[in-house]
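Take a look at the structure below.
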Amino acid sequence: MIWQVDLAILALVVICAIAAVTVRDLLGAGILFGAYSFMLCLLWAAMGAVDVAFTEASVGAGVSTVFFIAAVFRTTRRTKD
Amino acid sequence: MESITGLILAKYNYWMYISLMMVGLYAMIAKNNLVKKIIGMNILQTAIILFYISIGAKKGATIPIIMHSEGHGHEAVHAVQYINPLPHVLMLTAIVVSVATLGVALALAIRLYARFGTLEEDEINDQVREAP
């Protein structure tokens, strides 16, 4: 666990999380949530949890983003907050 | 004084986990849109996963695969050389459960949109109150 890499990825994770909950577009929020999951996957790999890392990459980043995009296409992109 | 700053700086993973958890909780409570609430729920779950993985991490340790393979004789396994794999295994289950929860929540949101024509919580509440 190299602490410089760890701290940089942690900062990116928090930035992606804040951006995903504040952006005023649901499609953008879903894509930012996918970016957040990929940053978390990098973090797990840097912390030595490789099994959690590839599960997060396939399930968390892949399937969750597909779910969000499918839900946004079936409903609406507009949001008030 | 030095020990307090050392405590804050050395455990930065836990501070980031707390801030991520607060971001998720804020999105679940304060946001009006249902998809935003679901994103907040997922951020809260992944923050808890970050907490558990941080428990298992060790300085100067490698991934939990035994280094001496077959044919190298018998050596003692030193647990301090390996990252603790028990939190990893627990969190694999948590990831799968979180994606199942996400699927159910988004399906309910789609049904609500088909019924009420909006994803905003206050508008859904108004329509429910107006209907007898």
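The values are calculated or read from the model by the stated rules, or taken from the named source; none is laboratory data. These numbers were taken from a predicted model, which means no experiment stands behind them. FYI the Cβ positions are ideal-geometry reconstructions off the backbone, even for glycines, and counts take in every protein chain you see.
Before moving on, here are some points about what is shown:
- Scan of region B:1-29 for residues that are in contact with a Gly (Cβ under 9 Å, 6 or more places away or on another chain), more than 23 Å from residue A:74 (Cα to Cα) and within 9 Å of chain A (Cβ to nearest Cβ), ordered by number: B:23, B:24, B:26
- Residues in region B:77-97 that are among the hydroxyl-bearing types (Ser, Thr, Tyr) and under 20 Å from the mean Cα position of the chain (by Cα): B:93 alone.
- Subset of region A:16-73 that is more than 7 Å from chain B (Cβ to nearest Cβ) and in a loop (DSSP other than H, G, I, E, B) - its residue that is surrounded by the most Cβ atoms within 10 Å (Cβ to Cβ): A:23
- Residues in region B:1-30 that are over 15 Å from residue A:11 (Cα atoms) and surrounded by 21 or more Cβ atoms within 10 Å (Cβ to Cβ): B:24, B:27.
- Any hit, region B:58-71, residues being within 25 Å of residue A:33 (Cβ to Cβ) and either at pLDDT below 95 or assigned to a loop (DSSP other than H, G, I, E, B) (or both): no
- When region B:3-36 is filtered for residues that are touching a residue at least 60 places away in the same chain (Cβ under 8 Å) and not aliphatic (A, V, I, L, M), the ones remaining, listed by number, are B:32, B:33.
- Given (1) surrounded by 16 or more Cβ atoms within 10 Å (Cβ to Cβ); (2) facing chain A (nearest Cβ under 8 Å), number of the condition residue B:82 does not satisfy: (2)
- When the test is whether a residue is among the charged types (D, E, K, R) and either under 25 Å from residue A:78 (Cα atoms) or touching a Pro at 6+ places or on another chain (Cβ under 7 Å) (or both), residue B:36 passes it.
- Of the residues in region B:75-87, none is touching a residue at least 40 places away in the same chain (Cβ under 8 Å) and over 23 Å from residue A:65 (Cα atoms).
- Counting the residues of region A:24-81 that are of a type in the set (S, T, N, Q) and in contact with a strand residue (DSSP E or B) (Cβ under 8 Å, 6 or more places away or on another chain) gives 1.
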